[in-house]
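Single-structure report; data block below.
Where a number appears in this text, it was derived from the coordinates with a stated rule and is not lab data. In this text, all values refer to a predicted model and were calculated from it rather than measured experimentally. Counting neighbours? That spans all protein chains shown, and the Cβs are built from the backbone with ideal geometry, glycine included.
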């Protein structure tokens, strides 16, 4: 963890460098795990005062700490929801009601994908057959942006040589 003064200087510099009003500067601290909950709150309030648009106090460790974050911070705050992490998982509607302005779920798709991988491999092993994938090949390509890639490829094709 970097010293407090250096941390706030970085937040000030980032805030001063902003040119797009739609850019959201989220200041994060991991001080809760290193020093204390109180230190993390102090760092977040200082970061908000230094120009951060939102505070990300990483890893409140109890329900009481989670509930205290929006009350103690002097600005919008973010909740990081990670199954199996240090922060207890909570209902997102409740998190919004108590004052969190943004919740992130950084591992949810990866965890879900891993569970799906395990299930399809177990089915394949058990049946010795390729499972019905329920999503067409065309839909798979559409979902990963094939139409946009096709348009780019067409845009940058070399013109045919004159005969």
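By counting other Cβ atoms within 10 Å of each Cβ, how are 101, 74, 134 ranked from fewest to most?
Least to most surrounded, the residues fall as 134, 74, 101.
For the chain, what relative contact order do you get, as a whole percent, if you take Cα pairs closer than 8 Å and at least 6 residues apart?
Reported relative contact order: 14 percent.
Given the chain, what whole percent of its Cα pairs are spread farther than 28 Å?
49
Measure nothing but the geometry: give the 0 to 90° angle between the long axis through the Cα atoms of 108-127 and the longest principal axis through the Cα atoms of the chain, rounded to 10°.
40
Taking only Cα atoms, what is the 0 to 90° angle, nearest 10, from helix 63-72's long axis to the longest principal axis of the chain?
Helix 63-72 and the main axis of the chain meet at about 70 degrees.
For q = 0.13, 0.20, 0.21, 0.29 Å⁻¹, what log10 I(q)/I(0) does segment 6-52 give under the Debye formula with an equal point scatterer on each alpha carbon and no solvent?
-0.30, -0.62, -0.67, -1.03
To the nearest 10 degrees, how steeply does helix 4-17 sit against the main Cα axis of the chain, on a 0 to 90 scale?
Taking the Cα atoms of the chain, the angle to 4-17 is about 50 degrees.
Fewest Cβ neighbours within 10 Å first, please rank 26, 2, 104, 66 accordingly.
Ranked by crowding around the Cβ, least crowded first: 2, 104, 26, 66.
Counting other beta carbons within 10 Å of each Cβ, put 143, 128 in order, fewest first.
128, 143
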